[in-house]
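Accompanying notes for the structure given below.
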Amino acid sequence: MGMPNSLSIEPTTACNLGCPECPSGLKKFTRPTGKLDLELHQKILAQVKSTVFYINYYFQGEPFLHPQFLELIGQAKASNIYTSTSTNAHFIDAKKADEIVSSGLDRLIISIDGLTQKTYEQYRVNGNLKKVIEASKLLVESKRQKRSNTPHIIFQFLAVKPNEHEIPQVFDLANSIGIDEVRIKTAQLYDYKNGNRLMPSNEKYSRYVRQKDGTYRLKGRQGNHCWRMWSGSVLTWDGGVVPCCFDKDATHTLGSIKETSFKEIWKAKNYRDFRQSILNAREEIDICKNCSEGAKVWA
């Protein structure tokens, strides 16, 4: 079996916000909060740089709370790896914007889940929309001044009931600032069977569909497959290897990069057994039950 071509690496589990469907924001992790050590990161890169061409520096937490985050990006770029991250943009001032553009970061996703403070803070609890918009403008201006095509800046709008009426306008805002792309993302809701206050009215923007008995289910048929198990992996800040980004609390840790090489972990029996369990009965795996990855549309 070949090695994966992409990874997600977690810079930190710390976060400044308190988003209602996020274990990091709600401080509901059973695993410790911490930040990725630069030496451990170099060890990871040394092991994967010959096969991995893309690293998403995000799992849980706010990446820019890691004081050396851009050094992580620099280390990856030195290994010719495409880099991306996702941020709530609260820690990006003019100086940081210049540093981001100069770092070589290839793609930057900015979460902007509302176009008024009242709407925005209903999901991004403790957040400040003004900071997000100002940071976005600073990044675009820094790119212009440096004549840089990177990072490719994406506005990501998480569609929930309080903000779904603003979806059309987010495209206008992005265009007025000079943002490269807009993505509308459906929300994963932990408590959805009997509805949820965050569930959009328009099912187009929801991962869930109402059934005849009034309850809700995940859209589509998942099936016993998942391409992520063979193409990528997720590394926590402390070196744990978990199968995918839905294992937010790292309950299915398959090994530690501190103790074993990534290649050995990737090819180990317990990792192969986990993949096989998905092929046998994906619906029985807890982290897969609320995952829309690879779901087939119902006929």
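The values are calculated or read from the model by the stated rules, or taken from the named source; none is laboratory data. Keep in mind the model is a prediction, meaning the values are calculated, not measured. Here Cβ is always computed from backbone atoms with ideal geometry, including for glycine, and neighbour counts include all displayed protein chains. In case anyone asks, the SASA skips ligands and DNA or RNA and just uses the protein heavy atoms, side chains included. Shrake-Rupley method; radii C 1.70, N 1.55, O 1.52, S 1.80 Å.
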Self-check item: Isolated Cys residues of the chain, judged by Cβ distance under 4.7 Å to other cysteines
Solution: CYS15, CYS226, CYS244, CYS245, CYS288, CYS291
Quiz prompt | Accessible surface of the range 1-115, 1.4 Å probe, proportion on carbon and sulfur as whole % | solution = 51
Quiz item: Cα-based Rg (one decimal) and Dmax (whole number) for the range 213-299, in Å?
Solution: 14.3, 50
Practice problem: Only helical DSSP H runs with n ≥ 4 go in: add -39500 (n - 2.57) per run for the chain, normalise by residue count and round the 222 nm mean residue ellipticity to 500 deg cm²/dmol. | Solution: -9000 deg cm²/dmol
Quiz item: What number in nm² do you get for the range 86-180 if you take the convex hull of its Cα atoms and divide its surface by four?
Solution: 5.4
Practice problem: Report the one residue of GLN145, VAL242, THR116 whose Cα lies farthest in the direction of the positive end of the charge dipole of the chain (charges on C-beta: Lys and Arg +1, Asp and Glu -1; origin at the Cα centre). | Solution: VAL242
Exercise. Could you provide, to the nearest whole Å², the per residue accessible area of the chain with probe 1.4 Å?
Key: 47
Quiz item: Given a cut-off of 29 Å, what percent of all Cα-Cα pairs of the range 1-152 lie beyond it?
Solution: 19
Exercise. Give, in nm to one decimal, the length gained when the segment between ASN80 and VAL209 is fully stretched (0.36 nm per residue of separation minus the Cα-Cα distance).
Key: 42.2 nm
Quiz item: How much length is gained on full extension from LYS137 to ARG183, taking 0.36 nm per residue of separation minus their Cα-Cα distance?
Solution: 14.8 nm
Self-check item: Mean-position separation - Cα centroids, the range 1-46 and the range 215-251, in angstrom
Solution: 14
Quiz item: Any number yet on Rg/Rh for the range 143-248, C-alpha, Kirkwood?
Solution: 1.06
